[in-house]
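The values are calculated or read from the model by the stated rules, or taken from the named source; none is laboratory data. If you're wondering where the values come from, they're calculated on a predicted model, not measured in any experiment. All Cβ positions, glycine included, derive from the backbone under ideal geometry; neighbour counts span all protein chains shown.
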Amino acid sequence: MEKTLRGRAHTYGKNVDTDVIIPGKYCNLVEEKELGKHAMEGIDPEFSSRVKGGDIIVADSNFGCGSSREVAPIAIKGAGVGAVIAKSFARIFYRNAINIGLPILECPEAVDAIAAGDEIEIDPAAGAIRNLSKGTSYKAAEFPPFMRSLIDAGGLIPYVERRLAERA
Amino acid sequence: MGMTLIEKILARHAGLDRVEPGQIINAKVDLVLANELSAAVAVNVMRTMKGAKRVFDRTKIALVEDHFVPAKDAQSANLARQMKEFAAEQEIEHFFDVGRGGIEHVVLPEEGLVAPGELIVGGDSHTCTYGSLGAFATGMGSTDIAAAFVLGEVWLRVPPTIKVVYNGMLKEGVYAKDLMLATVGRLGIDGATYRSIEFHGSTIDALSITGRSTMANMAIEAGAKNGIFHADEKALAYVRERTDRPFVVERADADAVYERIVTIDVDALEPQIACPHTPDNVHPISEVTRDRVLLDQVFIGSCTNGYIEDLRAAAKILHGKKIAPSVRVIVNPGSQKVWLQAVDEGILKTLASAGCVVNTPGCGACFGGHMGTLGDGERCLSTTNRNYVGRMGSPKAEVYLASPATCAASALTGWITDPRVVASAPAYS
């Protein structure tokens, strides 16, 4: 189960696409930390030097649109980001983030109220978001039951292992 | 209540009589695709899965080297080598090395690996291209692809379907690309997120199969899970020329339920341009050419427009002429077969004589990989599918998207030019 996260908010607008999250030229990298050095480079070149472990990305709608590159959420995780809060996520990014264990939360109210640098505390399992700088609390949209069971089982890999064991 | 085309396909692959939007299903896959980038990650994930020794079916996996080919550096070469070793170890039947394939989405239909009614997942967002042949095809990340490699099935949420109906005839100089740019502009880049797009209408009935591929390819640019056409006689003929494998042709029910129906009248449609920096920032070309939009580079290729008919359209405009001295023009034929066909038809000679450089088949500059990456402040007109900040290289570059004809016409002048007026535009000879 995911633990409580705490960090500073880095805020972005809508349609943050995978080309700015991790530009194509870095897609031949495989190490999470190496990818992390270039996270958000296309939109925020100083991000990797500014981000601290556990920080939170807060973005408007359609976060992660574009390519299916799984290195996009991996780079964000590799940079030390604890979670991403957005008004909505693009479809493939949403699956990828869950599959690689990057906590994501959909919460338009929180996105509208959080300013860059605010200190945020998140309980991903409960979908609870607290803005410690402003003293406000928000509840993220619940995952559909199937997604919740996938997350609780530890992600897609344990799910696949169970399916394989059932067949054996 | 009836089902849409993809609801029919998904129900059959899930072993169910019917499915409804929102329902989570486990569906059997007919083909799993990966390229050297997505395969490298997927193979590593598969190696960590307990009990995952072999792929589910070595004849139902396609591995294509296309993104950084020929390898641009040692790191890229290692990824390609890793995929090749995996293909050998697992005895993968459909492995396409450099020189025997090309861009995955051009190659798979060409090789008869896509048929109507099939369910295909791929480690690339443009896997949705195969909707041109009436297949349900969607892109996924590498962990999902690893799961599909070993299970031969995927979990999917059944998407609601948007029906898009095109009425009218395309005018001279207006192509499938223009139709799809107009569609993405109309829907918006998240207008079809988590949704399926079902294409209808007299306009698309008249399109070639690869023209339909151009359209299905860009369904993801509206956020869609897939874009799909009904397989008509033209599609069946295309597939039967390439495979004798049995397949099931599905049709949407007459009383299928659509989330919304969008109608696009194409009689008055002019060439379209997606301006920086999103593919839905689409304008009719007459608005864009009010100012002179000077270009540094023109790119013709990609899984959107790397087909033989695209090269023909460009060659027709460039034949016997020279491109403007201020631009470089880079052409990437979509596949080895397209490249050879272009040789046979004299197209490569026409393009090279005009001053274009013709690269090997592959993704090339489209995603800023190599062979045409843009520098700071440069501006490119491209037949590709995305123009996000930094997509083709420098975050300070600008990318405009258009049809191959518009790109070729603009190559002659050095600025964005309407292909319908190119005959009267100044040309260098």
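Couple of notes before you dig in:
- Every listed requirement among (1) in contact with a Pro (Cβ under 6 Å, 6 or more places away or on another chain); (2) away from chain A (no Cβ under 14 Å) is met by B:Thr413 save one, (1).
- Qualifying residues in segment B:385-399 (those that are outside any loop (DSSP other than H, G, I, E, B) and buried (at least 23 other Cβ atoms within 10 Å of the Cβ)) - the one nearest to the other protein chains (Cβ to nearest Cβ): B:Gly393
- Counting residues in segment A:122-129 that are without any contact (Cβ under 8 Å) to a residue 24 or more places away in the chain, assigned to a strand (DSSP E or B) and surrounded by 14 or more Cβ atoms within 10 Å (Cβ to Cβ) gives one or more.
- In segment B:226-255, the residues that are in contact (Cβ under 8 Å) with a residue 60 or more places away in the chain reach residues that are in a strand (DSSP E or B) and of a type in the set (Val, Ile, Thr) with C-beta atoms within less than 6 angstrom, at least six apart or across chains, in these pairs: B:Asn226/B:Thr138; B:Gly227/B:Ile197.
- The condition (being more than 8 Å from chain B (Cβ to nearest Cβ), under 25 Å from A:Glu46 (Cα atoms) and touching a Cys at 6+ places or on another chain (Cβ under 9 Å)) is satisfied by just one residue among A:Ala141, A:Ala115, A:Ala86, A:Ala75: A:Ala86.
- Sub-6 Å Cβ pairs linking a first residue in segment B:187-204 that is within 14 Å of chain A (Cβ to nearest Cβ) to a second residue that is of a type in the set (A, V, I, L, M) and in a loop (DSSP other than H, G, I, E, B), at least 6 apart or interchain, are B:Ala192/B:Ala224; B:Arg195/B:Ala224; B:Ile197/B:Ala224, ordered by first then second residue.
- Within segment A:1-15, residues that are more than 12 Å from A:Asp44 (Cα to Cα) and crowded, with 18+ Cβ neighbours inside 10 Å reach partners that are aromatic (Phe, Trp, Tyr) and at pLDDT 95 or above with beta carbons closer than 9 Å, at six or more positions or on different chains, in the pairs A:Asn15/A:Phe63; A:Asn15/B:Tyr388.
- Residue selected from segment B:52-70 under the condition more than 21 Å from A:Arg69 (Cβ to Cβ) and within 11 Å of chain A (Cβ to nearest Cβ), by the criterion nearest to the chain's Cα centre (by Cα): B:Phe56
- Across segment A:36-59, the qualifying residues are those that are of a type in the set (D, E, K, R) and closer than 13 Å to A:Gly82 by Cβ, and the one among them that is nearest to the other protein chains (Cβ to nearest Cβ) is A:Asp55.
- Residue satisfying condition, being away from chain A (no Cβ under 14 Å), assigned to a loop (DSSP other than H, G, I, E, B) and more than 14 Å from B:Val29 (Cα to Cα), within set B:Gly131, B:Gly117, B:Gly112: B:Gly112
- The set of residues in segment B:281-324 being assigned to a strand (DSSP E or B) and charged (D, E, K, R) consists of B:Lys322 alone.
- Helices (runs of 4 or more DSSP H) wholly inside segment A:1-110 containing at least 3 residues that are under 26 Å from B:Ala397 (Cα atoms) and within 14 Å of the chain's Cα centre (by Cα): A:71-78
- Taking (1) hydrophobic (A, V, I, L, M, F, W, C); (2) away from every other protein chain (no Cβ under 14 Å); (3) within 19 Å of B:Asp57 (Cα to Cα) in turn, B:Val106 satisfies each apart from (3).
- Search result, residues across segment B:7-51 that are within 24 Å of B:Ile197 (Cβ to Cβ), within 14 Å of chain A (Cβ to nearest Cβ), of a type outside the set (S, T, N, Q) and in a helix (DSSP H, G or I): B:Ala14
Conditions tested, residue by residue: (1) touching a His at 6+ places or on another chain (Cβ under 8 Å); (2) within 25 Å of B:Val174 (Cα to Cα).
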site	(1), (2)
B:Ile347	no, yes
B:Val358	no, yes
B:Pro361	no, no
B:Gly364	yes, no
B:Met371	no, no
B:Asn387	yes, yes
B:Tyr400	no, yes
B:Ala405	no, yes
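- Residue within segment B:360-374 that is out of contact with any helix residue (DSSP H, G or I) (no Cβ under 6 Å at 6 or more places or on another chain) and more than 14 Å from chain A (Cβ to nearest Cβ) present: yes
Residue by residue, here is whether (1) at pLDDT below 95; (2) farther than 12 Å from A:Ala9 by Cβ holds:
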site	(1), (2)
A:Asn99	yes, yes
A:Pro108	no, yes
A:Ala115	no, no
A:Asn131	no, no
A:Thr136	no, yes
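- Exactly one residue among B:Thr214, B:Thr183, B:Thr143, B:Thr161 is over 25 Å from B:Val248 (Cα atoms), crowded, with 24+ Cβ neighbours inside 10 Å and more than 14 Å from chain A (Cβ to nearest Cβ), and that residue is B:Thr183.
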